[in-house]
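The values are calculated or read from the model by the stated rules, or taken from the named source; none is laboratory data. This one's a predicted model, so the numbers in the text were calculated from it and none came from an experiment. Glycine also receives a Cβ, built like all others from the backbone with ideal geometry; neighbour counts cover every protein chain displayed.
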Amino acid sequence: MRDEFGTSDARDTLAGELAGTLLAWYDRHARDLPWRVPPGSNHAPDPYRIWLSEVMLQQTTVAAVKTYFERFTTLWPRVTDLAEAEDDRVMAEWAGLGYYARARNLLKCARTVARDLGGTFPDSEEGLLALPGIGPYTAAAISAIAFDRPAVVLDGNVERVMARLHDIHDPLPGSKMTLKARAEALTPQHRPGDYAQAVMDLGATICTPRSPACGICPWRDPCVARDRGTQAELPKKTPKKAKPIRQGIAYVGRTPSGDWLLEKRPDSGLLGGMLGWPGTAWAEASQDHAPPLPANWRDTGAEARHTFTHFHLRLAVQVAVIDPGQIPGDSALRLVPAQDFRPSDLPTVMRKAFDLGRTAFDS
DNA sequence: AAACCGGGGAG
DNA sequence: CTCCCAGGTTT
């Protein structure tokens with residue numbers, strides 16, 4: 001068989017050499033991560049820990065994930081432990097990590113594995129893909145890392161490495177299939193789990209988005225973009241839309257005895273299932289004030305600023321000492337006693353609003 | 001196919 | 001401040 005790259009055998013040999021070079025680099029430079037089994041170790045990874053880390057790592061940096069991973073695995077060492085945890089407890093522990101649908105799907109997935117699968121994770125991509133919160137990337141990653149299967153792992157790191165290695169200028173996300181084909185051609189049958197982690201480590205530590213360290217890259221010689229000097233502009237991406245500015249009001253209320261007035265947000269939508277301060281809707285145009293209950297609300301003059309995935313928010317903070325008797329019975333409002341209240345249980349924007357509101361109470 | 005989902009770090 | 005980064009689900 002012959003094509004523009006020469007014989008398929010020659011292509012396989014080249015691919016094998018590239019994988020070998022990378023694995024040799026990984027053996028010396030693998031990062032020490034709490035969920036990782038170091039190369040050369042003779043014990044198998046725990047699929048539960050690999051799954052948990054991969055879900056936490058979706059759209060999230062290693063630095064941010066570390067403390068959350070340690071906390072979750074200490075509280076819930078096995079998937080069956082997590083499956084038995086209470087929803088609110090898990091949401092509170094996830095607070096600050098973002099993309100809260102991940103936490104809801106995490107619990108759904110743990111309960112499915114515990115109840116329907118005897119506490120054992122599927123070892124195939126297909127089986128994993130059927131579980132909540134596990135998409136193509138995560139299914140491939142778990143299959144490769146936890147079960148040493150030759151799955152094609154394609155995350156943002158691998159996309160960037162492939163685009164540069166092969167000097168592909170077509171913009172993402174349109175070029176995804178091209179990049180996946182390149183990644184597939186390089187995936188080895190020997191040590192595919194270590195290989196998958198090696199490519200992602202390469203992208204995270206050497207082949208970085210800005211100022212890649214080409215001088216110390218194990219793939220420096222075969223890298224076409226490096227040869228042509230185009231590495232800094234790859235991968236190209238289709239331009240993103242500008243984020244509008246939305247505004248709203250958060251009402252930070254406290255009873256005379258020090259209980260805080262909080263609200264459990266609906267399970268779906270922005271910050272779904274999380275605790276927060278009651279307030280107006282967040283819209284681009286300013287709107288009517290609508291306090292959750294009658295009280296002497298006072299504008300603090302302070303604004304919590306926060307950026308979500310698709311808009312910037314400016315949240316004005318008002319405070320009041322409230323009367324518990326004014327709370328409507330049928331609302332999502334709840335009083336949280338001072339000794340039970342932890343700001344760290346709130347999503348970041350609500351924690352910012354609390355910091356401003358507390359300052360106003362104290363002054 | 002496009003919109004909806006947070007947060008942190010670099011510059 | 002402004003950019004830049006990065007998977008899954010829902011519609």
Could you check how many residues of region A:170-198 are away from DNA strand B (no atom under 14 Å from the Cβ) and over 23 Å from residue A:144 (Cα atoms)?
1
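So that you can scan it fast, the table gives a plain yes or no per residue for (1) free of Cβ contacts under 8 Å to residues at least 60 places away in the same chain; (2) in a helix (DSSP H, G or I); (3) under 28 Å from the mean Cα position of the chain (by Cα); (4) surrounded by fewer than 17 Cβ atoms within 10 Å (Cβ to Cβ):
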position	(1), (2), (3), (4)
A:235	no, no, yes, no
A:240	yes, no, yes, yes
A:251	no, no, no, no
A:256	no, no, no, yes
A:270	yes, no, yes, no
For residue A:208, state whether it is within 16 Å of DNA strand C (Cβ to nearest atom), of a type in the set (S, T, N, Q) and out of contact with any strand residue (DSSP E or B) (no Cβ under 6 Å at 6 or more places or on another chain).
yes
Mind listing whichever residues of region A:97-125 are in contact with a helix residue (DSSP H, G or I) (Cβ under 6 Å, 6 or more places away or on another chain) and among the small types (Gly, Ala, Ser)?
A:103, A:110, A:114, A:119
For residue A:330, are the conditions met, namely being more than 16 Å from DNA strand C (Cβ to nearest atom), in the same structural domain as residue A:280 (by TED's automatic domain parsing), farther than 23 Å from residue A:302 by Cα and at pLDDT 95 or above?
no
Every pair of residues 6+ apart whose Cβ atoms lie under 6 Å, when the first sits in region A:105-132 and is among the hydrophobic types (A, V, I, L, M, F, W, C) while the second is part of a helix (DSSP H, G or I) and within 16 Å of DNA strand B (Cβ to nearest atom):
A:106/A:55; A:107/A:90
Can you pull out the residues in region A:130-153 that are within 16 Å of DNA strand B (Cβ to nearest atom) and surrounded by fewer than 22 Cβ atoms within 10 Å (Cβ to Cβ)?
A:132, A:133, A:135, A:136, A:137
Return the pair list, or none, for Cβ contacts closer than 8 Å from residues in region A:169-189 that are in the same structural domain as residue A:159 (by TED's automatic domain parsing) to residues that are exposed (fewer than 12 other Cβ atoms within 10 Å of the Cβ) and in a loop (DSSP other than H, G, I, E, B), at least 6 apart or on different chains.
A:171/A:238; A:172/A:238; A:173/A:238; A:174/A:238
Could you go through region A:95-102 and let me know if any residue there is within 16 Å of DNA strand B (Cβ to nearest atom), of a type in the set (Lys, Arg) and either assigned to a helix (DSSP H, G or I) or touching an Asp or Glu at 6+ places or on another chain (Cβ under 7 Å) (or both).
yes
Of everything in region A:199-232, what is on the phi > 0 side of the Ramachandran plot and more than 16 Å from DNA strand B (Cβ to nearest atom)? Give them in sequence order.
A:229
Identify all residues within region A:1-27 that are of a type in the set (D, E, K, R) and either in contact with a strand residue (DSSP E or B) (Cβ under 9 Å, 6 or more places away or on another chain) or at pLDDT 75 or above (or both); write none if there are none.
A:11, A:12, A:17, A:27
Looking only at region A:288-324, filter to residues that are within 11 Å of DNA strand B (Cβ to nearest atom) and in a loop (DSSP other than H, G, I, E, B); which one of those is nearest to residue A:350 (Cα to Cα)?
A:308
Could you look through region A:233-273, keep only residues that are in contact with a helix residue (DSSP H, G or I) (Cβ under 6 Å, 6 or more places away or on another chain) and more than 30 Å from residue A:214 (Cβ to Cβ), and pick out the one that is nearest to DNA strand B (Cβ to nearest atom)?
A:273
Scanning region A:184-215 for residues that are buried (at least 21 other Cβ atoms within 10 Å of the Cβ) and of a type in the set (Gly, Ala, Ser) gives A:193, A:196, A:198, A:203
